[in-house]
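The values are calculated or read from the model by the stated rules, or taken from the named source; none is laboratory data. No experiment lies behind these values; they were computed from the predicted model shown. Using ideal geometry, Cβ is built from the backbone for each residue, glycine included, and neighbour counts are taken over all protein chains shown. We work out accessible area using only protein heavy atoms, side chains counted, and drop any ligands, DNA or RNA first. Shrake-Rupley method; radii C 1.70, N 1.55, O 1.52, S 1.80 Å.
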Amino acid sequence: MAIRRLIKMSKKISGFKKMCQEDQVALLKGGCTEMMILRSVMQYDCDRAFWKIPSTNTTNLRADILKLCPKGNVYEEHENFIKTFDLKLRTDERIILILCAITL
């Protein structure tokens, strides 16, 4: 669902629309991870350290899963990244979409 919204958003950017389809796909593939991380900011519960999965009512993904990552301090870096967002910014989809457009 989120990927579809990102693609839909990107198609509204005039500079993106002017590119050939091959370049559009390359940009989306290259920026998909970063844009998904930005989108996940909206679903993250800082107090309980988990993501609320929006397509379900009961599923949560615990952030400590990131501690299993073999390279670096992914969990700590993620926590620091999330804390850079004020709660009002994290919950405003328009702001997140603007940041995704910049990322793209």
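Brief remarks follow.
- Some residue of segment 46-63 being over 29 Å from K11 (Cβ atoms) and touching a Cys at 6+ places or on another chain (Cβ under 8 Å): no
- Residue within segment 43-56 that is within 16 Å of I102 (Cα to Cα), in a loop (DSSP other than H, G, I, E, B) and open to solvent by 90 Å² or more (accessible area, probe 1.4 Å) present: no
- When segment 7-24 is filtered for residues that are in contact with a helix residue (DSSP H, G or I) (Cβ under 8 Å, 6 or more places away or on another chain), open to solvent by less than 90 Å² (accessible area, probe 1.4 Å) and under 22 Å from I95 (Cβ atoms), the ones remaining, listed by number, are I7, M9, S10, I13, F16.
- None of L99, L87, L27 is surrounded by 13 or more Cβ atoms within 10 Å (Cβ to Cβ) and over 12 Å from the mean Cα position of the chain (by Cα) except L27.
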